[in-house]
Amino acid sequence: MQVRCTLAVRLLLGTLLASSFAQLAPARADIQPPLADEIPEEILRTEIIFEARSPLDGSPLSPEAYAELQAQLQAPPNTPLLIHSDIRSLILLLQLRRAIRPVLPILP
């Protein structure tokens, strides 16, 4: 009896879910092919932009200057992060404490 009830419940839930998904899904008749005068997105993505603008101040740039600026913006900075010696020693002590804590659990 228990097997039949769970099977009946599963069938009932399956039909309810199928009907709700059918209501949520758009009808296939609503989907229309793109217009003939529209340029496909795949082609637009590969076009070369000749009138580039700087993302920093919006000034017009040549393609070479735009590519150079993009390379500079994406490259990581060469300057190392300078930390005060007191903070550096505190970080070292905290890392040391974290390493010792599993071995000696009596430390606070």
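The values are calculated or read from the model by the stated rules, or taken from the named source; none is laboratory data. Note that the structure is predicted; figures quoted are calculated from it, not measured. No Cβ is skipped: glycine too gets one built from the backbone with ideal geometry, and neighbour counts run over all protein chains shown.
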(request) Hey, could you check region 69-86 for residues that are in a loop (DSSP other than H, G, I, E, B) and among the hydrophobic types (A, V, I, L, M, F, W, C) and say which is nearest to Ala52 (Cα to Cα)? (result) Ala75
(request) Name the one entry in Ser54, Ser89 that is surrounded by 10 or more Cβ atoms within 10 Å (Cβ to Cβ), in contact with a Phe, Trp or Tyr (Cβ under 9 Å, 6 or more places away or on another chain) and at pLDDT 80 or above. (result) Ser54
(message) Please verify whether Leu82 is hydrophobic (A, V, I, L, M, F, W, C), modelled with pLDDT of 80 or more and within 26 Å of the chain's Cα centre (by Cα), treating the condition exactly as stated.
(response) no
(message) Looking at Tyr66 and the list (1) loosely packed, with under 10 Cβ neighbours inside 10 Å; (2) hydroxyl-bearing (Ser, Thr, Tyr); (3) part of a helix (DSSP H, G or I), which single condition is not satisfied?
(response) (1)
